[in-house]
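The values are calculated or read from the model by the stated rules, or taken from the named source; none is laboratory data. A quick note: this is a predicted structure, and the numbers were derived from the prediction, not measured. Virtual Cβ from ideal backbone geometry, glycine too; neighbours counted across all protein chains shown. SASA here: full protein model, heavy atoms, side chains in, ligands and nucleic acids out. Shrake-Rupley method; radii C 1.70, N 1.55, O 1.52, S 1.80 Å.
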Amino acid sequence: MRKIKNKNQIFFLILIGFVVMLSYSCNKRNGGGVLPVDAGVYTTLDRTIVPDYAPIIPTVLINDPANFAKYGFGKWHYGPGLPCQKRVDLMPSGYTGASVTRVSNLLRFFTMTDIHQTDKESPAQAIFFAPWAGTNAHSCYSPLMLYTTHFLNSAVQTINKLHKQKPFDLGLVLGDMANCTQSNELRWFIDIMDGHQIIKPYSGGVKDPVRGPNNDYQDEYYAEGLDLSIPWYATIGNHDHFWFGSKPVDDKIRKALVGDKILQLGMVFNDPDAMNENTYSTGTIDGNTPYGAIIGSGVVSEMGVIPAITPDSNRRSLSKAEWMNEFSKTTSSPKGHGFLEPNKFGICYSFLPKSDLPLKIIMLDDTQDDTDPAPQDLIYGHGELNKGRYEWLMAQLQAGQDANQLMIIAAHVPIHVCEGTSMDWVFAPGYTSEINLVEQLQAFPNLILWVSGHRHLNNVTGFPSSDKSHPENGFWEVETKSLREFPQQFRTFDIERNSDNTISIITTNVDPEIKEGSQAAIGRSYAIASNQIYNVPVVLLPTGSVSYNAELVKQLSPVMQAKIANYGKPGR
């Protein structure tokens, strides 16, 4: 054994010991399972991804990814982990839960959302409109769109490693699997989740912008797929059935998607007749170029010859029924992933994840209806429960309450957090406002959680009961970040029974593990650079939208306390 020669070495060893003890303490405090069993399997409890300093005024254009790193954009380093903040917003005044211990795990699952598998070579892009889209400009164009399949593949691999560490009971996919209703985009998503096959991340013919295998965004690669022991379920998002999540798909869009001409439109943000005009060529990506050069974007009258592209029938737009049917063409479980048959109430269903657990998950289509008249803001990204979906939800909640089942609602659009925006709710028969709908949901004390995506945020919102004598009437809402924009995360959830028969919902953000130099690593760098160049604010605080880990405590009714009192005990 080597001798310790100086005080600095002694201090260093003490520091290492302190870090190890602190890590062990955090694992104990968070119910274990934080330290990785495989090198590189970390959550944001362990470490965070922090962008390096970049110039305040961009010195490089967003369509020049070859020079991002040269000018200081897209670089990052690991920072410290974020705490798991204990929230008792829904509990009676004075409750701290300080002496409460966790007794058993009721359910463990992950959520991913807003994956936006993007056919960057599609002729029906929205690239031209990026300068008018504000902080959402990267939804119209960012070079990270070249790597959406690669990043999903990395997320799936990371979930598999976490599963080996502490098994998941299921996964929930909360919509926007596709970016623009296209068949090939949805197939990329399903095929990567299924795995055990080669993924071809291009359309309009094979391309190899950098000669050789595994060295550019167009190269084919093998997807291992989600562990077959993890069933996953899905719900629909607005991008899954609207053009760019914003406009109903008409014959003009359908024809453009499978054709060889780049789509032409008017100004989609303020012109009610924009979809019928041909003022602007929306642009697409030349998949034969190493950095995905933009072609065919501009004012039509000023462009001269607009390049033609190779058509591809796999780009066809899917109707809701066709979209749902694609989930029956799968090798992962369960067959159909919840979509067993057409539902007259939209794409809605419910299921029991465990036969011996009194808990029901309600998968709700709360996206705007395709047949609605044009919204005042011209964007079809609002939440809505029309055409029987409100009545279906209320019946599901009542049935779960009568059966003494805890309930989780999984939907794309969150509730009561985005009033006055293109994501707020359209009123329908049965509710007059979002807060009115929240009040109705609070009539079901067995509702514990609403999970959603759509806003590309990681926020957590508590809806406490207005009746202080019945705190069990409150519920939590947890939003999950998009896998497309930085920080490109998914979430894990552990629902735990506590020693006082409350429950804790422990939710943690996870940054997908990526191999240095891989295509997914380039995608992460471009995602960070896009935020920096588009000046999207990044808040690396527990209360910010970039990452949020929390333990959310929920009071149960006396009936449900008794119902789950023995769950997890030997022999149960």
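Each Lys and Arg Cβ is given +1 and each Asp and Glu Cβ -1; about its Cα centre, the stretch 350-417 then shows a dipole of about 320 debye.
With a cut-off of 8 Å between alpha carbons and a minimum separation of six or more residues, what is the relative contact order of the chain in percent? All intermediate terms of the calculation are to be shown ahead of the outcome.
Values: 1282 pairs, mean separation 118.4, N = 572.
The normalised contact order for the chain reaches 21 percent.
Summing charges over neighbours of ASN446, with a neighbour being any other residue whose Cβ is under 14 Å away from its Cβ, gives +1 when K and R count +1 and D and E count -1. Take every Cα pair under 8 Å whose residues are at least 6 apart in sequence, average their separation, divide by the length of the stretch 135-201, and the relative contact order is 35 percent. Ordering 376-383, 64-71 by mean Cβ neighbour count within 10 Å, with the highest value first, yields 376-383, 64-71.
Protection proxy ranking, highest mean first, for peptides 151-160, 88-97: 151-160, 88-97, where packing is the per-residue count of other beta-carbon atoms within 10 Å, averaged. Each Lys and Arg contributes +1 and each Asp and Glu -1, all at the Cβ; summed about the Cα centre of the chain, the dipole is approximately 2520 debye.
Between the listed residues SER142, PRO353, VAL300, the Cα displaced farthest toward the positive end of the dipole of the chain, a dipole computed from Cβ unit charges relative to the Cα centre, is found at PRO353.
For the stretch 107-230, rounded, prolate or oblate, judged on the Cα gyration tensor with a ≥ b ≥ c (square roots of eigenvalues), a/c < 1.5 rounded, else prolate if a/b > b/c? Verdict is oblate for the stretch 107-230. Oblate is the label for the chain, because a/c, from the alpha-carbon gyration tensor with a ≥ b ≥ c as root eigenvalues, is 1.5 or above and a/b does not exceed b/c. For the stretch 429-572, rounded, prolate or oblate, judged on the Cα gyration tensor with a ≥ b ≥ c (square roots of eigenvalues), a/c < 1.5 rounded, else prolate if a/b > b/c? Judged from the Cα gyration tensor, the stretch 429-572 comes out oblate (a/c at least 1.5, b/c at or above a/b).
Cross-link list LYS360/LYS563; LYS120/LYS481; LYS75/LYS200; LYS120/LYS261; LYS86/LYS554; LYS120/LYS515: which exceed 20 angstrom alpha carbon to alpha carbon?
As for pairs spanning more than 20 Å Cα to Cα, those are LYS120/LYS481; LYS75/LYS200; LYS120/LYS515.
Listed by number, the DSSP H helices of the chain that run 27 Å or longer by alpha-carbon position along their axis and have mean Kyte hydropathy of at least -1.0 are 7-29.
Placing unit charges on the Cβ atoms of the charged side chains and taking the dipole of the chain about its Cα centre, the candidate lying farthest along the positive direction among SER504, GLY287, PHE128 is SER504. Relative contact order for the stretch 149-255: 36 percent, from Cα pairs under 8 Å spaced at least 6 residues apart, divided by residue count.
Which value, in debye to the nearest 20, gives the size of the charge dipole of the stretch 250-368 about its Cα centre, when Lys and Arg are +1 and Asp and Glu are -1 at the Cβ?
Result for the stretch 250-368 is approximately 540 debye, rounded to the nearest 20.
Close amide-amide hydrogen proximity is noted between ASN549 and GLN85, each under 5 Å apart and 5 or more residues distant or on a separate chain (H modeled in the peptide plane; Pro and chain starts excluded). Each stretch of four or more DSSP H residues adds -39500 (n - 2.57); spread over every residue of the chain, this sum gives -6500 deg cm²/dmol at 222 nm. Each part reduced to its alpha carbon centroid, the stretch 216-269 and the stretch 418-473 end up 29 Å apart.
Grab the other residues whose beta carbon is less than 12 angstrom from that of MET145, score K and R as +1, D and E as -1, and report the net. Don't jump to the answer; show the numbers that get you there.
Values: positive: LYS120, ARG484; negative: ASP119, GLU121, GLU185, GLU485.
Neighbourhood net charge equals -2.
Accessible surface area normalised per residue over the chain is 41 Å², counting heavy atoms of protein chains with a 1.4 Å rolling probe.
Other residues with beta-carbon under 14 Å from the beta-carbon of GLY212 carry, at +1 per Lys or Arg and -1 per Asp or Glu, a net charge of -2. Rolling a 1.4 angstrom probe over the chain with all protein chains present gives an accessible area of which 56% lies on carbon and sulfur atoms.
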